[in-house]
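All of the numbers you see were taken from the coordinates with simple rules; none came from a lab. Computed from a predicted model, the values in this text were never measured in an experiment. So basically every Cβ, Gly included, is an ideal-geometry build from the backbone, and we count neighbours across all protein chains shown.
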C-alpha cells in the first residue's frame, strides 16, 4: 500500500522549483530536506521534521534559509556522523561543508573551503558526500579529475579539513558532457568505486567507467560500464547514483538515448563480473532529470526513482517491475530516503509538482498522486472563505 502526501511548502517558501534536492535523517530519526533554489543569489533552504515519525505535512517541519550566494551544486546524500548531519556543496567553485546539530534544527554551521589547500586552487564542479568508517568521504569533481578525500567529522567545524586519498585523472567535467561522479563504499573493507565519464582529450569524451580502489591503498582497477562513441554522448550534467550491498556495487545512470540503466559490478578488484539491466526510458529533450536509488531494508530489492518513473529491482534476478502511479511527473530534482522503520517505508520528494509521497511495502506497491494547489488557486479559495465568513457576520440573527 502507499500513501500520497502534499509537500507544497517547498513551492510556497522557494517561489518555484528547486534546482537540486537532498534528504537525510538526523541521528534521532528526524527527516531533513535540503533544497538549492535559483536566485540570484542561489539559496539553500532546509526543512527539518519537528518530531521523529510525524507525518510529512508542512506544519510538522521547521524551515530555515541557511545560506545564499554562488552555490550551484549540493551533495545528493546527507550523512550522519558524530551526532551531526553533514552535507556538502559547491560554493564559489570551492567545496564547502555544512552540518546540523539535532539540538538546533535551524543552526547550520559552515566551513567555506574544506579542501582548498589540498586542491591547490583547482575549481570544483560537483561534490558527493559518503560515510567512510568513522570518517567522512568527500568526492570532488574538478575540471579533468576526481579526488577522493577523507576527513574527521569531530567538532569544531572550523577545524574540519579533508586530505586526498586517491586522485583519478582523465575525467570529463559535467560542464562539457560528463556525468556527475558518484561514489559507493564497502563499509567492511573501505573498498570503493567511483562512476564517471572519461575525458580522452580536451574535446573528446570517452566511455562510462567505474574506477575501484582497495581499502586505504592506491591500488585500483578500471571497469568499462558502457562503451560509448567519441561523440558527446551525454546531455550535460546528467547525474549518476551509486551504492554498495552484499559484495556488489550498483550504479544508476542515463544514456543519451534516454535509457535509464543499472550496472551491477561484483568483485571489481579481482575477477570483475558486470551485469547491466535497463530500468526504463526518459525523454532527455524535456530537461535534465535527477534520480534516486534506495536499498530496501531486507536487502532484497532496490528502488529506483526518476521523474514520472519508479521501479523495483529484485537483486536475486535483476528483474525490474514498474511501480504504478508515481506522482512526481515533471523533470527536476528528486530525492528518496528509506526511513528508519521496521518495514519498508520510503519517502520521496521531488520538484515539478513539488509532491512528496510515502511508499510502504504491501501486496501491490503503487504511489498515489496528490494534486498540489497553485498559489492563484489558494488565493481564490481564501477569498471565497472570507466572503462566506463576511456574509455570515452580516446576516441577521434568526
Item to check | FRET efficiency, residue 159 to residue 285 (Cβ-Cβ, R0 45 Å, nearest 0.05) | outcome: 0.45
Checklist entry - So for the pair residue 318, residue 278, with labels modelled 7 Å out along Cα→Cβ, what separation do we get in nm? => result 1.5 nm
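Using a/c under 1.5 as the rounded threshold, could you call the range 7-358 rounded, prolate or oblate? The axes a ≥ b ≥ c are square roots of the C-alpha gyration tensor eigenvalues, and prolate needs a/b larger than b/c, oblate otherwise.
Values: a/c = 1.33, a/b = 1.14, b/c = 1.17.
Judged from the Cα gyration tensor, the range 7-358 comes out rounded (a/c under 1.5).
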Checklist entry - Taking other Cβ within 10 Å of each residue's Cβ, how do 98, 303, 245 sort, fewest first? => result 245, 303, 98
Next on the checklist: Cβ neighbours within 10 Å, averaged per peptide: list 77-83, 295-301 in order, most packed at the top.
Outcome noted: 77-83, 295-301
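When ranked by the protection proxy of mean other Cβ atoms within 10 Å per residue, highest first, what sequence do the peptides 144-154, 199-209 form?
Values: 144-154: 19.6, 199-209: 16.4.
Put in order of decreasing packing, that is 144-154, 199-209.
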Item to check | Where labels lie 7 Å past Cα in the beta-carbon direction, separation of residue 257 and residue 70 in nm | outcome: 4.0 nm
Item to check | Gap separating the Cα centres of the range 248-265 and the range 153-194, nearest whole Å | outcome: 19 Å
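Using per-residue counts of other Cβ atoms within 10 Å, averaged over each peptide, order 41-54, 311-324 from highest down.
On the way: 41-54: 17.6, 311-324: 14.4.
Output ranking for 41-54, 311-324: 41-54, 311-324.
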